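Okay, structure first, notes after.
No value in this document is a laboratory result; all are computed from the given coordinates. Note that the structure is a prediction, hence the values are computed from the model and not measured. Counting neighbours? That spans all protein chains shown, and the Cβs are built from the backbone with ideal geometry, glycine included.
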Amino acid sequence: MPPSYILTTGATGFIGAHVISNLLAQNIRVRGTYRSQSKVDRITTHLRSIHGDEKVERLLDFVYTGDLEEGGFDEALKGVDGVVHCASPLNFTLKPEQIINPAIAGTKSLLSSITSTGSVKKLVVLSSFAAVVDEFSKGLGPDVEYTAQDWNPITYEQGMSELRYSYLASKTLSEREVWKWSEGNGKGVGVVSLCPPLVFGPIAHPVEKISELNSSNAELWFLTTGFSPLPLSPVPAWVSIHDLTTALVNAVLDDSITNKRYTIASPEPFSSQLAADTFRELFDWAKDRVTEGEPGVYPAVSKLEGEITRKELLGGREYIKWKETVEEAVKQFKAVEDKEKASA
C-alpha cells in the first residue's frame, strides 16, 4: 500500500510548497514542518485559494520543529507513513559550519525519529547535484557525464575550509547519512533520493519581495539586473520545478520504487547566455535590462543523466521545455517586482 499520510519537511520553502500542493491535488493527507508561523499562515492562505478551504482544512496540518536535536521529529511523524525530506539550509551569508552542521544534524534527527516511531514505510530525500559533482578530479568539461552512481568525494574538512565548498559538503554528507542508516536501523524503510541541479519555475509559496526567491530562481532573475559580462553559471544543468515535484511525489507514492538514487535533469543544458537570449526574446522589457552578451554562443558543458528518471518517475513523458519554464516563471517574478515597487 502506498503512503496515505505524508510528512514534508521544508514545507514553506520553494520545493516543499510545491510538493504539498501536488499531494493536496491528489487528495492525499499531508503534514508540513515549519519554523516560522508567518510563513505557515501565508502558504495556508495561498493553498486555500487554490484547493479550497474544505480540502485544506481536511488534509493539511503543520507541526513546529525547533532545534533539530535527536527526537526533534517525533511529534511530526505521529501517524505518518511516508516522508519527503526537502529541508536543508542554504544561505551563503552564513559561515560553513552554519550550513554543514544543521544539514547533517537535521537529517540525523529525522532518521532517528523514523527509527523510533516505526510507522514510516517510505522516505524520499531531496539531495542535490552538489552530492554528485566531483570538482576535484572530473570537473564539468564537455566530455564528462554524471549519473546517479557518481558521488562528490568532498570531506567534512574540505567543506569547512571554504564557504564555496560548504553547500557541496552539506548535501553530500547528509545524503550519505541516509544511505548509511538505510543499511542499518533503516532496514524496512524504502529509501529514494533525487539529486537535481538548478531548479527553475514559478513559486507555490507566497513571496512579497524579489529578494525572497529561492537560490536557483534568484540566479535566473539576477540576469535582469544588467550585470556585465554575463556570469558563468557554476551548474550547467537544470530541471523544471514541476518535473522535480512530480518525481518526488511519484517516488514516495510508488511502492515498487525503493532503495534507488536518481539524477534528474532536462536534456537542454543551462547557461547564462541561453537565459539572456531567452529573456530578450520573450519579454520586451528585458531588452533594456538584460545584457546581450554573445547571442547564440553557448559553452560546451558536461551532461547530467536524466533519462532513467524520465522513464521511472515521470511516466515516460518528456521534460518540460526551457522556454515554457522561463516564460511561466519570469512572468510571475516580474509581477512580484512590479507589486513591490508599487507599494514602496
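Side notes on the structure shown:
- For the chain, the spherically averaged projection of the C-alpha convex hull amounts to 17.3 nm².
- The magnitude of the dipole of the stretch 5-343, with charges of +1 and -1 set on the Cβ of Lys/Arg and Asp/Glu and taken from the Cα centre, is near 580 debye.
- Non-local Lys pairs in the stretch 188-344, i.e. 8 or more apart or on different chains, that have alpha carbons under 23 Å apart: 24
- Net lengthening on full extension, SER4/GLU268 (0.36 nm per residue, minus Cα-Cα): 91.5 nm
- Residues ARG42 and ASP288, FRET efficiency given R0 of 25 Å [Cβ-Cβ distance, rounded to 0.05]: 0.20
- Under the criterion of Cα pairs below 8 Å and six or more residues apart, the relative contact order for the stretch 135-177 equals 29 percent.
- Kirkwood-based Rg to Rh ratio, the stretch 46-199, C-alpha trace: 1.02
- Additional length obtainable on full extension of the chain from ARG35 to ALA344, 0.36 nm per residue less Cα span: 108.5 nm
- Under 5 Å between amide hydrogens, built in the peptide plane, is the criterion, and for LYS303 it picks out VAL144, GLU145, TYR146 among residues at least 5 positions away or on other chains.
- Computed FRET value (nearest 0.05) for PHE227 with TYR156, which takes r as the C-beta separation and R₀ as 22 Å: 0.05
- The stretch 256-318 - Debye-derived log10 I(q)/I(0), Cα point model, q = 0.14, 0.18, 0.23, 0.26 Å⁻¹: -0.59, -0.75, -0.91, -1.02
- Note on ASP255 and LYS180: their simple-model spin labels are 3.2 nm apart, each label 7 Å out from Cα toward Cβ.
- Mean Cα-pair separation over length for the chain, i.e. relative contact order, pairs under 8 Å, 6 or more apart, %: 18
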